[in-house]
1. Mind putting a number on the dipole of segment 107-200 about its Cα centre? Charges go on the C-beta only, +1 for Lys and Arg and -1 for Asp and Glu, and I need it in Debye to the nearest 20.
2. Okay, helix-only estimate at 222 nm for the chain: each DSSP H run of n ≥ 4 adds -39500 (n - 2.57), divide by all residues, round to 500 deg cm²/dmol; what do you get?
3. Please list, or write none, the aspartates and glutamates whose alpha carbon is within less than 14 Å of the alpha carbon of residue 85, excluding same-chain residues fewer than 8 places away.
4. Can you list the aspartates and glutamates whose alpha carbon is less than 13 Å from that of residue 92, not counting same-chain residues fewer than 8 positions off?
5. Name the aspartates and glutamates eligible as straight-distance cross-link partners of residue 201: C-alpha to C-alpha under 18 Å, and not fewer than 8 places from it in the same chain.
6. Counting only complete DSSP H runs, which helices of the chain cover 24 Å or more along their long axis at the Cα atoms and score a mean Kyte-Doolittle of 1.0 or above?
7. Applying a 10 Å radius around every beta-carbon, put 196-205, 212-221, 172-181 in order of their mean neighbour count, most first.
8. What does the highest-first list of 58-64, 110-116 look like by mean Cβ count within 10 Å?
Amino acid sequence: MSTVPAPAPTTTEPDAAVAPPAAARPMRAIKGYSLPGEGSSTLISVVTVIALFALWWVATHFGWIKDLFLPTPEKILTSFADAWKGDIQGGKPLSEHFWWSLWRVFAAFALACVTAVPAGIAMGVSRVARGIFDPPLEFYRPLPPLAYLPLIVIWFGIEETAKIILIYLACAAPLAMAARAGVRSVTIEQINAAYSMGASKWQVIRYVVIPAALPDILTGMRIAIGFGWTTLVAAEMVAATAGLGQMVLNASNFLRTDVVIMGIVVIGVVAYVFDLLMRRVERWLVPWKGRV
């Protein structure tokens, strides 16, 4: 009589660990890797500004730089108070200079937005529009505003029209180029997807092309307003009696370096505040920028 051997008992090692399923494994972030430029730079900016002001204060109070070339920060504040009361050359208060400059820059900027942005979009979606607008834009875009300032004065005189047109031309070129670049950034897959769902050409432009180009358009607006403030001084050289640029030029004739620097600071602060506002608008209108 034969006996069948019983199967050997299965033994489990007490220290043998069963690997958890892939879904249960915790995801580990790789340290040292992030998007280029990611993170806040506010603290660095604050430290930089404080360091520059400290260097300015030390250089002027210890006589490293003569007062004619760079006055002390206290003199800049004094000149700001004098300008606010109108106790400078010309006798006009700073608020009047400020509002005249603000009106000229933003009137020209608004005109550029309603004309150059559609022109840039048209250049991106139509070869006919590109053939029409591209040559004049590429011709005058590299020219400095002072080069065609005499021609604008001959054509439009010395009134407000000439000043606004000069600033408009400085703002229009970067806006049109940014809008065109934004349109060209739309992928063919996005366009084909819209057409496959029955969209017409104008619906593709309205709901696909323009939203995709909006980040570049907003960036172009930030660049254009910077060009507008840069051109302000040249525009207010044309027989202006009020304006920040005119105030700076008039002060330079009398070697009032403190008023010149004060005017430069006011122009820079206004331009920077507008840039911060445009950044907020950009985060509100295009929250997907940099995430897709």
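No value in this document is a laboratory result; all are computed from the given coordinates. Not measured: the values here are computed from a predicted model. Note: ideal-geometry Cβ built from the backbone for every residue, glycine included; neighbour counts use all protein chains shown.
1. Working: 6 positive and 5 negative charges, 38 e Å.
Computed charge dipole of segment 107-200: roughly 180 debye.
2. Working: 11 runs with 194 residues, N = 292.
Helix-only estimate at 222 nm: -22500 deg cm²/dmol.
3. Correct list for residue 85: 96.
4. List returned: 82.
5. Straight-distance partners of residue 201: 189.
6. Details: long enough: 42-61 (28 Å, 1.87); 94-125 (46 Å, 1.23); 160-184 (36 Å, 1.10); 210-235 (35 Å, 1.23); 257-285 (42 Å, 1.35).
Going by DSSP H runs, the hits are 42-61, 94-125, 160-184, 210-235, 257-285.
7. Working: 196-205: 12.3, 212-221: 21.3, 172-181: 23.9.
Highest-to-lowest ranking by the protection proxy: 172-181, 212-221, 196-205.
8. On the way: 58-64: 11.4, 110-116: 17.7.
Highest-to-lowest ranking by the protection proxy: 110-116, 58-64.
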